[in-house]
1. Is it the case, given these coordinates, that SER75 is within 24 Å of ALA101 (Cα to Cα) and either surrounded by 14 or more Cβ atoms within 10 Å (Cβ to Cβ) or of a type in the set (S, T, N, Q) (or both)?
2. Of the residues LEU62, LEU48, LEU81, only one is in contact with a helix residue (DSSP H, G or I) (Cβ under 6 Å, 6 or more places away or on another chain) and within 30 Å of ALA14 (Cβ to Cβ); which?
3. Given the criterion open to solvent by 50 Å² or more (accessible area, probe 1.4 Å), hydrophobic (A, V, I, L, M, F, W, C) and in contact (Cβ under 8 Å) with a residue 12 or more places away in the chain, identify the matching residue among ALA29, ALA53, ALA59, ALA11.
4. Which residue, of VAL79, VAL128, is β-branched (Val, Ile, Thr) and within 18 Å of the chain's Cα centre (by Cα)?
5. Within the set of pairs 6+ apart or on separate chains, which have a first residue in the stretch 95-114 that is farther than 16 Å from GLN36 by Cβ and at pLDDT below 95, a second that is open to solvent by 60 Å² or more (accessible area, probe 1.4 Å) and in a helix (DSSP H, G or I), and C-beta atoms under 7 Å apart?
6. Name the one entry in SER86, SER102 that is open to solvent by 60 Å² or more (accessible area, probe 1.4 Å) and of a type in the set (S, T, N, Q).
7. Against the definition (under 24 Å from LEU4 (Cα atoms), of a type in the set (Asp, Glu) and touching a helix residue (DSSP H, G or I) at 6+ places or on another chain (Cβ under 8 Å)), how does GLU122 come out, yes or no?
Amino acid sequence: MPLLLARLQAADPALAGVADGLLWDGAQAGLSTAGQALLRALQDQQALDQAGAEVSAVADILRRDQKFAPPGRPSLQLVQLRRQQSAVQQAERVARQVAAASATAFIKQAGLTLKPGVAAGEFMARWVARLPA
């Protein structure tokens with residue numbers, strides 16, 4: 001997926017042969033609307049992955065620091081870590097919503113059919129995985 005993202009960002013003309021020309025607009029020699037939607041969806045998915053990594057990192061730090069904290073009232077550092085954890089969790093939830101919306105927008109722009117019970121992000125990831133490298 002990172003390779004495809006880089007190719008989409010660079011508007012690589014070799015994309016004309018990928019996915020039956022769905023991602024490339026030959027008339028304008030640039031990305032089609034579906035290609036632009038896929039680019040946005042992949043960027044949003046990358047932001048979601050980064051937010052997930054931040055949540056994990058803050059949770060690890062908080063677990064480590066709570067492990068050695070004395071009983072009683074929490075220290076200022078622990079309170080700040082809990083606030084930070086709450087903030088990164090909220091950012092992850094927002095990123096998840098944005099990624100789902102952009103994946104849905106790509107599926108609509110590309111004219112693909114989403115099967116019932118399959119998440120748009122999962123469907124898009126499978127579709128991208130089937131593309132040639």
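The values are calculated or read from the model by the stated rules, or taken from the named source; none is laboratory data. Small disclaimer: the values here were computed from a predicted structure and weren't measured. In this analysis, Cβ positions are derived from the backbone assuming ideal geometry, glycine residues included, and neighbour counts consider all displayed protein chains. For the accessible areas, the whole protein counts, side chains as well, though only heavy atoms, and no ligand, DNA or RNA atoms are used. Shrake-Rupley method; radii C 1.70, N 1.55, O 1.52, S 1.80 Å.
1. Working: within 24 Å of ALA101 (Cα to Cα): no; either surrounded by 14 or more Cβ atoms within 10 Å (Cβ to Cβ) or of a type in the set (S, T, N, Q) (or both): yes.
So SER75 does not fit the description; no.
2. On the way: LEU62 fails: within 30 Å of ALA14 (Cβ to Cβ); LEU81 fails: within 30 Å of ALA14 (Cβ to Cβ).
Selected residue: LEU48, the only one of LEU62, LEU48, LEU81 that is in contact with a helix residue (DSSP H, G or I) (Cβ under 6 Å, 6 or more places away or on another chain) and within 30 Å of ALA14 (Cβ to Cβ).
3. Details: ALA53 fails: in contact (Cβ under 8 Å) with a residue 12 or more places away in the chain; ALA59 fails: open to solvent by 50 Å² or more (accessible area, probe 1.4 Å); ALA11 fails: open to solvent by 50 Å² or more (accessible area, probe 1.4 Å).
Being open to solvent by 50 Å² or more (accessible area, probe 1.4 Å), hydrophobic (A, V, I, L, M, F, W, C) and in contact (Cβ under 8 Å) with a residue 12 or more places away in the chain holds for just one of ALA29, ALA53, ALA59, ALA11, which is ALA29.
4. Working: VAL79 fails: within 18 Å of the chain's Cα centre (by Cα).
After ruling out the rest, the residue left standing is VAL128.
5. none
6. Values: SER102 fails: open to solvent by 60 Å² or more (accessible area, probe 1.4 Å).
Being open to solvent by 60 Å² or more (accessible area, probe 1.4 Å) and of a type in the set (S, T, N, Q) holds for just one of SER86, SER102, which is SER86.
7. Details: under 24 Å from LEU4 (Cα atoms): yes; of a type in the set (Asp, Glu): yes; touching a helix residue (DSSP H, G or I) at 6+ places or on another chain (Cβ under 8 Å): no.
Spelling it out, it is not the case that GLU122 is under 24 Å from LEU4 (Cα atoms), of a type in the set (Asp, Glu) and touching a helix residue (DSSP H, G or I) at 6+ places or on another chain (Cβ under 8 Å).
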